[in-house]
Amino acid sequence: MTEIFGIPTQALFGQLLIGLINGSFYALLSLGLAVIFGLLNIINFAHGAQYMLGAFCAYFLLNKWGLGYWWALVIAPIAVGITGVIIERTMLKPLYKLDHLYGLLLTFGLALVIQGLFRNEFGSSGLPYPITKELTGGHNLGFMFLPTYRAWVIVASLAICLATWFMIERTRLGAYLRAATENPQLVQAFGINVPRMITLTYGFGVGLAALAGVMAGPIYQVSPQMGADLIIVVFAVVVIGGMGSIMGSIVTGFGLGVIEGLTKVFYPEASNTVIFIIMAIVLLIKPAGLFGTQK
Amino acid sequence: MILEVRGLHAWYGESHILHGVDFDVAEGEVVTLLGRNGAGKTTTLKSIMGMVARRQGSIRFKGEELIHLTSYKVARRGVAFCPEERGIFASLDVEENLLLPPRIAEGGLSVERVFELFPNLKERLRSQGTKLSGGEQQMLAIGRILRTGAHLLLLDEPTEGLAPVIVQQIGRTIAELKQHGFTILLVEQNFRFAQKIADRHYIVEHGRVVDMVPGAELEANMGRVHQYLGV
Ligand SMILES: Nc1ncnc2c1ncn2[C@@H]1O[C@H](COP(=O)(O)OP(=O)(O)OP(=O)(O)O)[C@@H](O)[C@H]1O
Ligand SMILES: [Mg+2]
């Protein structure tokens with residue numbers, strides 16, 4: 001068996017793979033948070049709960065209507081996105097005149113309520129979600145075994161992240177979004193329906209969280225607190241990457257997943273805290289985050 | 001009359017800024033609002049544009065009442081606004097800034113025509129919008145609303161803080177736009193500049209229009225105007 005730095009390659013690449021998988025979810029979730037924060041100036045604390053809703057939506061689609069994984073990938077983001085649109089229209093919108101803190105408090109409260117309701121109904125143990133048959137199995141790459149589903153999650157989330165980045169940085173719609181982030185009054189005076197754009201942006205960010213939830217089901221199981229566990233780390237990722245930076249959240253998400261995985265190999269005792277240690281260091285040296293700009 | 005403003009009141013929060021503004025602009029005219037700092041000129045333009053939340057009175061554009069419309073609807077009726085602070089977006093390059101306002105009607109200038117008016121812009125398309133000089137930013141701010149097909153242009157102090165050659169260039173541009181059939185409502189402090197290009201001048205004071213001077217008579221009425229503007 002080959003070794004690198006005295007570590008068997010199987011173990012090293014295995015942890016690297018786990019790191020990339022975790023990083024995929026960090027990136028997808030922090031990307032949604034960044035998009036929402038950019039335009040709405042609200043830190044969406046309900047993001048973890050909405051990720052969990054995506055996973056449960058997939059679970060219900062399969063167990064109540066017999067609609068499988070591919071259907072869930074399409075339906076869950078739309079359905080959960082629509083709940084996001086309703087939340088924005090009915091609850092967030094009246095808060096824009098007030099301090100941003102109120103938006104944060106509202107979404108934090110929503111997260112507690114949604115997670116509480118699901119815990120009452122489904123308890124705390126995880127529900128299994130099977131890997132769809134097209135993505136079962138795996139490949140022996142020689143130096144490691146690569147399960148197909150995990151490869152799919154990494155590739156799919158990377159593709160979604162890059163497509164989102166492209167849409168925001170390189171298209172006309174994205175130009176509206178960037179301009180409205182800077183000066184919504186003026187963009188609106190050019191004839192663009194900015195309030196509707198804000199609503200749809202929140203719906204899109206929430207939909208991304210739900211999409212991540214669907215993809216997470218077969219890996220982590222479906223449970224009411226799956227989002228709460230993850231979102232704490234994701235907030236650290238967002239702080240490290242820089243609030244509101246699109247590329248920052250993608251790079252930092254994948255990067256920190258990998259760093260966390262490697263820490264598990266070389267110094268397992270620190271693997272749960274390494275991200276928070278990095279956060280503390282970044283906050284000391286570059287308070288706006290690695291990719292952020294001071295406002 | 002393409003624009004008729006009657007008894008326009010506007011508030012920022014609790015402060016009552018406009019106290020019944022009345023004036024008209026006819027199709028194809030260049031009309032200026034003159035007045036001291038804080039008189040309410042910008043607030044008048046923003047109220048027409050629907051950018052001031054609390055307003056009252058009547059703003060008729062091509063016969064249609066605008067007073068209750070939000071700003072994106074006003075824009076889609078064919079009114080375009082170029083703000084005093086120019087409003088160039090830092091996260092957009094020059095080309096994106098230029099193409100940002102959507103076309104709302106036929107008859108706007110083509111991008112090539114905008115480049116003919118402002119050749120500087122063509123050379124800087126890939127630059128970040130806010131990296132342009134003050135004069136270039138002003139050209140960009142004017143250029144981007146010419147493409148949209150809007151009929152009525154609201155320009156807030158387009159010459160503020162610019163070098164004399166650039167002021168002249170903007171003066172020539174406004175004259176060309178008038179030729180082209182645009183109607184222009186212009187806020188100006190520089191009435192030497194306004195004098196050359198405007199058909200009529202309204203004097204704004206403490207949130208009211210207090211006087212009107214036809215362009216041809218400005219010279220003869222300098223004493224009066226100086227008194228209003230305190231220069
Ligand atoms: N956003 C705002 N909130 C509160 N008051 C404002 C606001 N904008 C302007 N004002 C006040 O309204 C009054 C009119 O301002 P406005 O900007 O319309 O003046 P102006 O004639 O354009 O002046 P200037 O020549 O300096 O641009 C001023 O007293 C100003 O302090
Ligand atoms: Mg002003």
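The values are calculated or read from the model by the stated rules, or taken from the named source; none is laboratory data. Quick caveat: nothing in here was measured; it's all calculated off a predicted structure. Glycine gets a Cβ as well: all are built from the backbone with ideal geometry, and neighbour counts include every protein chain shown. Just so you know, the surface numbers come from the protein's heavy atoms only, side chains and all, with ligands and any DNA or RNA stripped out. Shrake-Rupley method; radii C 1.70, N 1.55, O 1.52, S 1.80 Å.
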Of the listed residues (B:46, B:41), the one being within 14 Å of another protein chain (Cβ to nearest Cβ), surrounded by 16 or more Cβ atoms within 10 Å (Cβ to Cβ), closer than 23 Å to residue B:157 by Cα and within 10 Å of ligand 1 (Cβ to nearest atom) is B:46
(1) surrounded by fewer than 23 Cβ atoms within 10 Å (Cβ to Cβ); (2) more than 8 Å from ligand 1 (Cβ to nearest atom); (3) more than 14 Å from the chain's Cα centre (by Cα): which one isn't true of residue B:29, the others all being true?
(3)
For the list (1) farther than 20 Å from residue B:198 by Cβ; (2) away from every other protein chain (no Cβ under 14 Å), I need the number of the one condition that residue B:4 fails.
(1)
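For (1) within 24 Å of residue B:103 (Cβ to Cβ); (2) crowded, with 19+ Cβ neighbours inside 10 Å; (3) of a type in the set (Phe, Trp, Tyr), each residue gets a yes or a no:
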| site | (1), (2), (3) |
| --- | --- |
| A:171 | yes, no, no |
| A:188 | yes, yes, no |
| A:210 | no, yes, no |
| A:217 | no, yes, no |
| A:223 | no, yes, no |
| A:252 | no, yes, no |
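To keep it simple, each residue is scored yes or no on (1) in a helix (DSSP H, G or I); (2) surrounded by fewer than 16 Cβ atoms within 10 Å (Cβ to Cβ).
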residue: B:95; (1), (2): yes, no
residue: B:104; (1), (2): no, no
residue: B:109; (1), (2): no, no
residue: B:112; (1), (2): yes, yes
residue: B:120; (1), (2): yes, no
residue: B:142; (1), (2): yes, no
Answer yes or no: is there a residue in the range A:56-71 that is out of contact with any Asp or Glu (no Cβ under 8 Å at 6 or more places or on another chain), surrounded by fewer than 14 Cβ atoms within 10 Å (Cβ to Cβ), closer than 23 Å to residue A:225 by Cα and basic (Lys, Arg).
yes
The lone exception for residue B:162 - which of (1) of a type in the set (A, V, I, L, M); (2) away from ligand 2 (no atom under 16 Å from the Cβ); (3) in contact with a helix residue (DSSP H, G or I) (Cβ under 6 Å, 6 or more places away or on another chain); (4) open to solvent by 10 Å² or more (accessible area, probe 1.4 Å) it fails
(2)
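Answer yes or no as to whether residue B:36 is away from every other protein chain (no Cβ under 14 Å), among the basic types (Lys, Arg) and either farther than 20 Å from residue B:142 by Cβ or in contact with a helix residue (DSSP H, G or I) (Cβ under 9 Å, 6 or more places away or on another chain) (or both).
Against the criterion (away from every other protein chain (no Cβ under 14 Å), among the basic types (Lys, Arg) and either farther than 20 Å from residue B:142 by Cβ or in contact with a helix residue (DSSP H, G or I) (Cβ under 9 Å, 6 or more places away or on another chain) (or both)), residue B:36 qualifies.
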Pairs with Cβ under 7 Å, 6+ apart, first in the range B:83-107 and more than 8 Å from chain A (Cβ to nearest Cβ), second assigned to a loop (DSSP other than H, G, I, E, B) and among the small types (Gly, Ala, Ser):
B:93/B:127; B:94/B:127; B:103/B:149; B:105/B:78; B:105/B:149; B:106/B:149; B:107/B:149
Filtering the range B:169-224 for residues that are buried (at least 19 other Cβ atoms within 10 Å of the Cβ), in a loop (DSSP other than H, G, I, E, B) and within 16 Å of ligand 2 (Cβ to nearest atom) leaves a count of 1
In the list A:158, A:177, A:117, A:162, which residue meets the criterion of being away from chain B (no Cβ under 14 Å) and either surrounded by 17 or more Cβ atoms within 10 Å (Cβ to Cβ) or more than 23 Å from the chain's Cα centre (by Cα) (or both)?
A:158
Filter result (away from ligand 2 (no atom under 16 Å from the Cβ) and either closer than 26 Å to residue B:86 by Cβ or hydrophobic (A, V, I, L, M, F, W, C) (or both)) within the range B:32-65:
B:50, B:53, B:54, B:55, B:59, B:61
